[in-house]
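Q: Following this message is one structure expressed as structure tokens.
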Amino acid sequence: MSDHNLITSKIELEHRPDEVFLTNRWAMARADWEAYEINVANALSQMDAPGEGTSVDSKALQFADCIRSAALATVPLARERVAKTPWWNPNLQRLRTRSRRLRRAYQKTWVACTRDLLRGNYLAGRREYKDALQKAKGESWKAYVRRNLDLDPWGIPYKIAAGKL
């Protein structure tokens with residue numbers, strides 16, 4: 001005989017789920033919250049009651065699946081965002097990540113000889129990233145100017161060159 005007591009809990013939805021799902025994946029403004037509440041209630045009512053042999057982790061996964069399935073049915077997914085920087089590419093992302101990793105390693109080290117070596121590595125990585133960034137921006141600008149000059153010779157590139165913008 002065990003002296004552990006059974007723990008029961010009641011889950012009530014007192015606030016809107018948009019306070020829970022703070023993510024860009026869901027289009028919260030376009031959600032149908034009444035349908036969401038009904039779907040969650042239906043999914044929870046079909047969930048098995050906790051019994052012997054079931055773990056808390058399995059029940060937590062079941063609960064998360066109930067919420068996820070209700071959200072997929074009633075909350076639309078957000079559209080993919082278009083990059084606002086046409087010059088950004090995976091190589092720049094890789095170089096930026098590497099530069100930041102080198103900087104953290106340099107900043108965490110207090111041994112003088114190692115710190116000097118790591119500082120050199122960081123400065124070289126940062127220079128490589130900045131050079132690649134400037135090159136990508138320059139190429140993107142040239143492509144933009146070529147595209148717009150073909151469309152309208154008196155457009156944005158002319159106005160910038162003439163000092164009108």
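Q: Can you compute the modelled spin-label distance between residue 29 and residue 57, with each label point 7 Å from Cα toward Cβ, in nm?
A: Rounded to a tenth, the inter-label distance reads 4.1 nm.
Q: With θ set to phi - 60° and the Karplus curve 6.51 cos²θ - 1.76 cosθ + 1.60, what are the ³J(HN,Hα) couplings of the stretch 87-100 in order, to the nearest whole Hz, using x for Gly and Pro?
A: 8, 6, 8, x, 5, 5, 4, 5, 5, 5, 4, 5, 4, 5
Q: For residue 78, list long-range residues whose amide hydrogen, built 1.01 Å from N in the peptide plane, is under 5 Å from its own amide hydrogen.
A: 26, 27
Q: Here's another thing I want to ask about it. Give me the distance in nm between label points sitting 7 Å out from Cα along the Cα-to-Cβ direction at residue 130 and residue 143, one decimal.
A: Label-label distance for residue 130 and residue 143, simple model: 2.5 nm.
Q: What full-extension length gain, to one decimal in nm, is calculated for residue 100 and residue 44 as 0.36 nm per residue of separation minus the Cα-Cα distance?
A: Stretched fully, the residue 100-residue 44 segment lengthens by 15.7 nm.
Bear in mind that the values in this text are calculations on the coordinates, not laboratory data. This is a predicted model, so every value here is computed, not measured. Cβ sites come from the backbone with ideal geometry, for glycine too, and all protein chains shown count toward neighbours.
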